[in-house]
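Worksheet: one structure, shown below.
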Amino acid sequence: MLKLIPTTVVAGSFLAVAGYAQAQDSGFYVGGHYGQHKVELESDIADTDLKFGVAGVNAGYQLTSFLALEARYAVGVKDEDIFDGDDSARFEIDRHMALVARGSIPLGERFSIFGIAGYGETRYAFAYDVLGVSGSEKSTEKGLVYGAGAAFNLTERLSLVAEYNVLPKLEDDDEGFYESDVSLMTVGLNYRF
């Protein structure tokens, strides 16, 4: 629950400027989304998929009818327990942030498809208690974020958005111990001022 406080503060900040932006009928928009952050790990020992729930907010500016710039922030709301019992290990998303360019192609008045590309970073946390040894680690993965999605305009200002993104891979400090693929699938609403 405490993880939602930063998201709520950011969302409140976006809404605080809503009156001014709405009066200007500017290209500004804000939104919220919920999704699944997936990490696929492959190694010689085992393969595993870790799935996390994330909730977030975004704010953007529509430069033209085809191009927008957007900032995103999300927090993990569902962690992944690797195993339970006397021994335990928990993997979680602390936060995910991105700054992206979004290119859209309208397909009529209500529907559009888009692609995104930009910079993103995700902070992961790992805590364990195995055979009496406990500890925790954090790592931040940074790099290129890209993806595609679709938007359906419910009203003149409100749109339903679905999106799939490829995120930076987990770095393998042991060089070759494992390979990873990281993705994020979200559904949300955007409100245009």
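Tabulated data for the structure shown
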| item | result |
| --- | --- |
| Filter result for residue 186 (modelled with pLDDT of 95 or more and exposed (fewer than 13 other Cβ atoms within 10 Å of the Cβ)) | no |
| Meets criteria (at pLDDT 60 or above, among the hydroxyl-bearing types (Ser, Thr, Tyr), open to solvent by 40 Å² or more (accessible area, probe 1.4 Å) and not in a loop (DSSP other than H, G, I, E, B)) for residue 20 | no |
| Residues located in the range 104-153, provided they are surrounded by 13 or more Cβ atoms within 10 Å (Cβ to Cβ), more than 23 Å from residue 61 (Cα to Cα) and among the charged types (D, E, K, R) | 123, 129, 141, 142 |
| Scope the range 144-183; condition modelled with pLDDT under 95 and aromatic (Phe, Trp, Tyr); matching residues | 177, 178 |
| Selected residue (only one of 159, 139, 112 is polar (S, T, N, Q) and farther than 18 Å from residue 69 by Cα) | 139 |
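The values are calculated or read from the model by the stated rules, or taken from the named source; none is laboratory data. Computed from a predicted structure; not experimentally measured. Backbone-built Cβ (ideal geometry, glycine too); neighbour counts: all protein chains shown. Heads up: the accessible areas ignore ligands, DNA and RNA and are worked out on the full protein's heavy atoms, side chains in. Shrake-Rupley method; radii C 1.70, N 1.55, O 1.52, S 1.80 Å.
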